[in-house]
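Take a look at the structure below.
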Amino acid sequence: MKWLLASLVTVTGLHLPTTAQEKPAQSPIKLTLIAKTDKYKFDGGGKTPAEYKKYLEQLAEQSKQGQLVQPPRPPAVDLVLELKNTSDREVTIYVGGDPNVYTFELTGGAGSVAMNSGLAFTADFRLPKAVTLGPGKTHTIPIQQLSDGNRGASRYVYWTGPGEYQLSVKYTLSDSEGGRGTELKSEPVKIIVTEK
């Protein structure tokens, strides 16, 4: 029976699963979302939270239907994305440029709305840059408004009223050729939005 199984593997090129093959390689890079400020004032532009949410949802729907809309500026924030080398060797990552995209997920509170920013971008393709991190070293990216996507500005994200929110982020690193690399995800941080 062993001879038959060995012959089958040799002839067909069949790969039998092993424990090592079943587990995907763990990235040595850890993504952390740091809230340098975690308390913000709600600003609905003179609208109540319910009116503001309805207004944003209408704009988002119009944007999905291909209509040109001018969304309000997204909330100003004081956040940092931290990419940390958790291994005991040097690691080179490729950051910035168009291939690197981060995406926020905002949950809880009075709800959230996300929509296309409507901003125009130049047609040039911006390449990432190589950053070599020694063991335990970090690369940080400051975030000053709640926007994400291409170049950090193609989508706006809004909280829709006072409350306690959870904010996390996914970051897709580039590979050395400017293609899609590893996707990292942070643990959520708490954001408190209070009455203005």
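Just to check your reading of the model, which residue among Val131, Val77 is assigned to a strand (DSSP E or B), surrounded by 19 or more Cβ atoms within 10 Å (Cβ to Cβ), within 21 Å of the chain's Cα centre (by Cα) and not aromatic (Phe, Trp, Tyr)?
Val77
Just to check your reading of the model, which residue among Glu195, Glu187, Glu90, Glu82 is of a type outside the set (Val, Ile, Thr), over 29 Å from Leu59 (Cβ atoms) and over 20 Å from the mean Cα position of the chain (by Cα)?
Just one listed residue meets the conditions, Glu90.
Which residues, taken from the range 59-74, are of a type in the set (S, T, N, Q) and either farther than 24 Å from Leu167 by Cβ or in a loop (DSSP other than H, G, I, E, B) (or both)?
Correct list: Gln62, Gln65, Gln67, Gln70.
Could you please find all residues in the range 140-187 being out of contact with any Gly (no Cβ under 6 Å at 6 or more places or on another chain), hydroxyl-bearing (Ser, Thr, Tyr) and either surrounded by fewer than 15 Cβ atoms within 10 Å (Cβ to Cβ) or closer than 19 Å to Ala130 by Cβ (or both)?
Within the range 140-187, Thr140, Tyr171, Thr172, Ser176, Thr182 qualify.
Out of all the residues in the range 129-183, which are of a type in the set (D, E, K, R), touching a residue at least 40 places away in the same chain (Cβ under 8 Å) and more than 29 Å from Lys39 (Cα to Cα)?
Asp175, Arg180
Among the residues of the range 23-50, how many are outside any loop (DSSP other than H, G, I, E, B) and surrounded by 14 or more Cβ atoms within 10 Å (Cβ to Cβ)? If you could, list the steps in order and put the result at the bottom.
Within the range 23-50, the subset outside any loop (DSSP other than H, G, I, E, B) is 29-35, 39-41, 49-50.
Narrowing further to those that are surrounded by 14 or more Cβ atoms within 10 Å (Cβ to Cβ): 29-35, 40, 49.
So the count comes out to 9.
Residue check: is Leu56 of a type outside the set (Ser, Thr, Tyr), surrounded by 14 or more Cβ atoms within 10 Å (Cβ to Cβ), part of a strand (DSSP E or B) and in contact with a strand residue (DSSP E or B) (Cβ under 6 Å, 6 or more places away or on another chain)?
The answer is no for Leu56.
Please count how many residues of the range 73-113 are modelled with pLDDT of 95 or more and aromatic (Phe, Trp, Tyr).
Residues in the range 73-113 being modelled with pLDDT of 95 or more and aromatic (Phe, Trp, Tyr): 1 in total.
Condition check ((1) touching a residue at least 12 places away in the same chain (Cβ under 8 Å); (2) closer than 22 Å to Lys185 by Cα) across all residues:
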{"residue": "Leu31", "(1), (2)": "yes, yes"}
{"residue": "Lys36", "(1), (2)": "yes, yes"}
{"residue": "Tyr40", "(1), (2)": "yes, no"}
{"residue": "Tyr55", "(1), (2)": "no, no"}
{"residue": "Gln67", "(1), (2)": "no, no"}
{"residue": "Arg73", "(1), (2)": "yes, no"}
{"residue": "Val77", "(1), (2)": "yes, yes"}
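Within the range 117-127, does at least one residue satisfy the condition of being more than 18 Å from Lys190 (Cα to Cα), of a type in the set (Gly, Ala, Ser), at pLDDT below 85 and under 18 Å from the mean Cα position of the chain (by Cα)?
no
The values are calculated or read from the model by the stated rules, or taken from the named source; none is laboratory data. Note that the coordinates shown come from a computational prediction; the quantities given were computed from them, not determined experimentally. Backbone-built Cβ (ideal geometry, glycine too); neighbour counts: all protein chains shown.
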